[in-house]
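One structure is given below, encoded as structure tokens.
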Amino acid sequence: MSERTLSGTGVTPRAGVGTVVWYRPEADLELPEPPAEGVDAAAERERFEAAREEARAELERERDRTAERVGEEEAAVFDAHVQFLGDPQIEEGVLAEIDGGLPAEHAVRRAFAGPIEQFEGMEGRMAERADDLRDVRDRLVRVLVGGERVNLAELPEGSVVLAERLTPSDTAQLDPDRVAGFATVTGGRTSHAAIFARSLALPAVVGVGGDLESIAEGATVVIDGDAGEVAVDPSEERREAAAGGEEVEIRHEPVSTADGAPVEVAANVGRPAELEPAVARGADGIGLFRTEFLFLDRESPPAEDEQYEAYAEALSAFPAGRVVVRTLDVGGDKPVPYLDLPESENPFLGERGIRRSLGPDAELFETQLRALLRAAGSEHGDGLAVMLPLVATIEEVEAALDALDAVAADLDDAGAEYARPEFGVMIETPAAAFMAPELVERVDFLSVGTNDLAQYVMAADRGDERVADLHDPLHPAVLRAVARTVDAAEGEECWVGMCGEMAGDPDLTELLVGLGLDELSMSAVTIPDVKANVEATDREEAAALAERALAASTKREVNQLIRRDR
Ligand code: PEP
Ligand code: MG
């Protein structure tokens, strides 16, 4: 049989081969017609209340399990589900339907329909809330009718899951030791299913469309999360490549280009549980430690000592390497109830990152700096570097340096043990890229955050699938912002790294070395490939490639230069 290929959006740079298992949870939830004579409303209200309690308990268990297996940030979605369960408007809707004569399970279906439709009509991330609501609705109905949940955690080894869509709870159940990958009809790069897939390093393709339905249960497929393809009846060659016989060797030593220039290859880490995988994949250090995990999903901010412990733990995972800790980067789109984040029409253009740290969160910033300076004075503290997010002005950098001086003076007065860590800023705004010559005079390093830089240079929301083509760092405009940044540091005592997703794409290693980056930081999965590519790169050839890319007029030309057909 010859291979047939369907295309969608690849979300993990990995491929897997396996046997198709269709997941159709909705088929288990067919309800009998409601009784014509109506229902005992009081009894149905009670059933609804009891189901809500049971659903809440389930969600809390799943939340804890996900926090442990996947991570705190991903587990937060279950908190949102608990909130939907208690939403007064939805509750009112359900009770009204019950009072109108429907059994609780039908009432839930009806009452959720409006809000789901509303979210579906919205843009970007809000549209994905519809998935969350469906998840909560189906959970409630299942609890009400006493249905068994399809157990995604116990699929046969080598299964490839195909589904219309996977909800967050579905995806959290998938066991990477058993499941070789998944593909869905709907969904984009930022859907929960995609985010979980990346955290679990599961091959996945989303948004394949209705053609996915043509694949039969039991068929053999390759899920290629890199190319964004689902191959049915794959060729022997494709199957072998996906089975992963050719895993790249893990290099635990720092690497240099073929002509001998060292390039640091570091890991991006979002929670302590990711430190060990980073070490195991051969990271030289941490190029971006997102500290949000310390602040999210709790009632009050972490105390100085708790933060100190977390930073010291990261430092001891890399006793000989550098650990770049980014100060708190919240605002707008990340919920931190105790911070009282204001509603904003344009959260990405509002008070986020360093803007909050120098404004309403100044006290938190001071505590974080104290913990960081103390960690810099701890046993492996030499490697600590502190980095500011979303810098746009020189005044911000100077104000942050003043805050750092004040904290150091306080620690001095208190006779505490501390040290001054390396100090740097992220280049995530066009303003910062333009001001790079002034920034390099004030900091020890710059790190290019291409996720935000591409969003702001191209005016394209990083979470909106419809402008995904624009939100791409390979547009020459973004490359030129990166080049400007690197050039500003030439001959200065200031190194330049990159910690946006772009740094972790092995296809781009030569280009990035050619642009002159000293450090590349990425999620641990691609570290071995990037290290291998650094070693294979000749700097002169790489510089010539970068020059051609910078002279390109379109993203298409850049893709052609790196021999990528996208
Ligand atoms: C970036 O913007 O590129 C970055 C690394 O920061 P984050 O993805 O956390 O916004
Ligand atoms: Mg950013």
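The values are calculated or read from the model by the stated rules, or taken from the named source; none is laboratory data. What you are looking at is a predicted structure, and each value in this text was computed from that prediction instead of being measured. Because the Cβ atoms are built from the backbone with ideal geometry, glycine has one as well, and the counts that use them run over all protein chains shown. Surface areas here come from the heavy atoms of the whole protein model, side chains and all, with no ligands, DNA or RNA. Shrake-Rupley method; radii C 1.70, N 1.55, O 1.52, S 1.80 Å.
Some points to look at:
- Antiparallel bridges, percent of DSSP beta bridges restricted to the chain (to nearest 5): 30
- Taking packing as the residue-averaged number of other Cβ atoms within 10 angstrom, the listed peptides 226-239, 358-371, 493-506 run from highest to lowest as 493-506, 358-371, 226-239.
- When the residues Glu217, Glu62 are ordered by accessible surface, computed with a 1.4 Å probe over the protein chains alone, the sequence from largest down reads Glu217, Glu62.
- Evaluating 6.51 cos²θ - 1.76 cosθ + 1.60 at θ = phi - 60° for every residue in region 345-353, the Karplus couplings come out as 5, 10, x, 6, 10, x, 7, 9, x Hz, glycine and proline recorded as x.
- Extended-chain gain in nm, criterion 0.36 nm per residue less alpha-carbon gap, Ala459 and Asp402: 17.3 nm
- Summary of the geometry: region 98-136 and region 496-566, compared by the centres of their Cα atoms, lie 44 Å apart.
- The modelled label-to-label distance for the pair Ser2/Glu164, using points 7 Å beyond Cα in the direction of Cβ, is 3.4 nm.
- Accessible surface calculations at 1.4 Å, restricted to protein heavy atoms, place the chain at 43 Å² per residue.
- Amide hydrogen neighbours beyond the local backbone of Ala267, cut-off 5 Å, H modeled: Asp284, Gly285, Ile286, Gly287, Leu288, Met522
- Per-pair calculated FRET efficiency, R0 = 22 Å: Asp226 and Arg563 via Cβ, rounded to 0.05: 0.95
- Cα gyration tensor shape of the chain, rounded if a/c is under 1.5, else prolate or oblate by comparing a/b with b/c: oblate
- Close amide H contacts of Ala201 (hydrogens built in the peptide plane, cut-off under 5 Å, sequence separation of 5 or more or a different chain): none are found.
- Per DSSP, loop GluC sites (Glu not before Pro) in region 281-337 with at most 11 further Cβ within 10 Å: Glu299
- Label positions at Ala42 and Glu299, each projected 7 Å from the Cα along the C-beta direction, are separated by 3.6 nm.
- Each peptide in 402-411, 526-535 was scored by the mean count of other Cβ atoms within 10 Å over its residues; highest first, the order is 526-535, 402-411.
- The portion of the accessible surface of the chain made up by carbon and sulfur, rounded to a whole percent, is 46 (1.4 Å probe; DNA, RNA and ligands excluded).
- Local electrostatic count, Arg374, Cβ distance below 10 Å [Lys/Arg +1, Asp/Glu -1]: -2
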